[in-house]
Amino acid sequence: MKFFIDTASVKEIREAASMGILDGVTTNPSLLSKEEGDPTAILKEICTLVDGPVSAEVIALHKDGMVKEAVELSKLHPNIVIKIPLTKPGVQAVRELEEKGIRTNVTLVFSSNQAMLAAKAGASYVSPFIGRLDDSGHVGMDVVREIVAIYGNYGFETEVIVASVRSPLHVIDAALAGAPIVTIPFKVIELMFKHSLTDAGIKRFLEDWEKIKKRS
Ligand code: E4P
């Protein structure tokens, strides 16, 4: 299973990369808007920090505009993957870009039907948004389970990136569903490290070690 980080913060990416657990990065316009500085420069810097796919999203809504933006973004670094929203023009753009050898990540996916369309168009990745589905009263992880099963049934090569992750439980459920990739916000990565028994265990080992030292 691959772990991507869902952020445009160079500081967070640098820290997560130093943990040795990072396989890629996903950004979006909202995440980039939280960071100071030029988005293009930020994306370039991110590509120097992680040796894996870095998703950068197009803004255009029409197919030709999406393709044009995608071609420019893909020139930033070989690891750039183009995020395209699941719309009719988006699906057309995915087909065109993949034929040009530019990898795409179809974003804003909320159903298995949408995921099938992305796979049929030849997308490299598809991103179902779990947290936003949960927020709207649906079980986001059910959609992930469906997509993983459908892709498996037909041997689609599109990889599922479980996105809009809000908690460590989402990461466990994504893994149990057999999703190949999960993109995780920095604060959730930090929470994944934590367990009160680990802290208590370290405390007890150190106290017991002190007892040995006092003997000598
Ligand atoms: C995924 O690629 C998106 O960047 C992200 O996961 C969206 O998450 P949100 O619903 O927390 O904004």
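Taking the alpha-carbon centroid of each part, what is the distance from segment 92-114 to segment 135-205 in angstrom?
After rounding, the separation between the Cα centres reads 22 Å.
If you roll a 1.4 Å probe over the heavy atoms of the protein chains, what accessible area per residue do you get for segment 2-215, in Å²?
53
Go through 138, 60, 92 and say which Cα lies farthest out towards the positive end of the charge dipole of segment 39-141; charges sit on Cβ, +1 for Lys and Arg, -1 for Asp and Glu.
Result: 92.
So what's the chain giving for Cα Rg divided by 2.2 N^0.38 Å, two decimals?
1.16
For the chain, which whole percent of the accessible surface, found with a 1.4 angstrom probe, sits on carbon and sulfur atoms?
Whole-percent figure for carbon plus sulfur exposure: 56.
Listed highest first by mean packing, meaning other Cβ atoms within 10 Å per residue, what order do 136-144, 208-216 come in? Mind dumping the intermediate values first?
Numbers: 136-144: 16.6, 208-216: 7.4.
My ranking of the peptides, most packed first, is 136-144, 208-216.
Based on DSSP H runs of at least 4 residues, each adding -39500 (n - 2.57), what is the mean residue ellipticity at 222 nm of the chain after dividing by all its residues, to the nearest 500 deg cm²/dmol?
On the way: 11 runs with 116 residues, N = 216.
The per-residue figure over the chain is -16000 deg cm²/dmol.
The values are calculated or read from the model by the stated rules, or taken from the named source; none is laboratory data. Please read these numbers as outputs of a predicted model, since none were measured by experiment. Neighbour counts run over all protein chains shown; Cβ positions are idealised from the backbone, glycine included. When the accessible area is computed, the model is the full protein with side chains, heavy atoms only, and any ligands, DNA or RNA have been set aside. Shrake-Rupley method; radii C 1.70, N 1.55, O 1.52, S 1.80 Å.
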